[in-house]
Amino acid sequence: MLHRAGHGSVEVVAGVMFSGKSEELIRRVRRALIAGRRVQLFKSHLDDRYGGQFRISSHDGRQIDAEPVSNSVQVAEKVRPDTQVVAIDEAQFLDDGICEVVDALADAGMRVIVAGTDMDFRGEPFGPMGLLLARAERIDKLHAICVVCGDPATRNQRLIDGKPAPAEGPTIQVGGAETYEARCRRCHEVPTRDRAQRELLLRRGRGWEGV
């Protein structure tokens, strides 16, 4: 593994879709480039929206070139010895091994910037994002605006034909505004899961009444 002088670190930009995560990653990368740092950018190969597989693109149209990767091993293999800043977008689509790779790069003195959606459409931790958040020196959790009530949005609402998708659907389904909405906790809906939770609370309530 790489060894060098200097202090490495891990920064995680997390949050709901449409909250500006990729935009913030692009902003930090461009500042690093202005400062004369040697930067490498990676993104999950699953995200081919907007600018395609070889660009990181924000919802507001900002773009920057990046190298697509399928897994954490490819990230480790592709980082050059003289790189000072490593940026990774859509990290939720990578395997848990990315946590060890990110740690190793930071230990070697690199600044590592990771962006990703921290919760899936069910409201559960998405891929390795929970572990990355736990290991980071700096965390920025961004919010969007709930399309239903206008409050800060912290959940990803997946839609099928305009209606909330059931919990049984696949975790990974790449899409944009036609497939997802940003919603707050109150307005977020996952039909089968929500029904099961209500039934569990009712059973617990009946049990408490009998105590």
Which one of the conditions (1) open to solvent by less than 30 Å² (accessible area, probe 1.4 Å); (2) modelled with pLDDT under 90 does Asp48 fail to meet, given that it meets all the rest? (1)
Out of (1) assigned to a strand (DSSP E or B); (2) open to solvent by 60 Å² or more (accessible area, probe 1.4 Å), what's the single condition that is false for Val86? (2)
For region 108-118, state whether one or more residues are in contact with a strand residue (DSSP E or B) (Cβ under 9 Å, 6 or more places away or on another chain) and without any contact (Cβ under 8 Å) to a residue 40 or more places away in the chain. no
Yes or no: Val75 over 26 Å from Cys184 (Cβ atoms) and modelled with pLDDT of 95 or more? yes
Give all pairs with beta carbons closer than 8 Å in which a residue from region 1-15 that is surrounded by fewer than 16 Cβ atoms within 10 Å (Cβ to Cβ) and basic (Lys, Arg) meets a residue that is part of a loop (DSSP other than H, G, I, E, B) and at pLDDT below 95; count only pairs at least 6 apart in sequence or on separate chains. none
For region 1-14, give me each residue that is at pLDDT 95 or above and not hydroxyl-bearing (Ser, Thr, Tyr). Gly8, Val10, Glu11, Val12, Val13, Ala14
Residue list for region 15-43, filter: aromatic (Phe, Trp, Tyr) and at pLDDT 95 or above: Phe42
Kindly state which strands (runs of 3 or more DSSP E) lie completely within region 91-160 and contain at least 3 residues that are within 18 Å of Lys43 (Cα to Cα) and open to solvent by less than 10 Å² (accessible area, probe 1.4 Å). 111-117
Which pairs do you get when a residue that is at positive phi, found in region 140-160, comes within reach of a residue that is modelled with pLDDT of 95 or more and surrounded by fewer than 22 Cβ atoms within 10 Å (Cβ to Cβ), reach meaning Cβ atoms under 9 angstrom, with the pair 6+ apart or on two chains? Gly150/Cys184
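The values are calculated or read from the model by the stated rules, or taken from the named source; none is laboratory data. On a predicted model such as this, the values are computed, not experimentally measured, just so you know. Cβ sites come from the backbone with ideal geometry, for glycine too, and all protein chains shown count toward neighbours. Side chains are part of the model used for accessible areas, which takes the heavy atoms of the whole protein and leaves out ligands, DNA and RNA. Shrake-Rupley method; radii C 1.70, N 1.55, O 1.52, S 1.80 Å.
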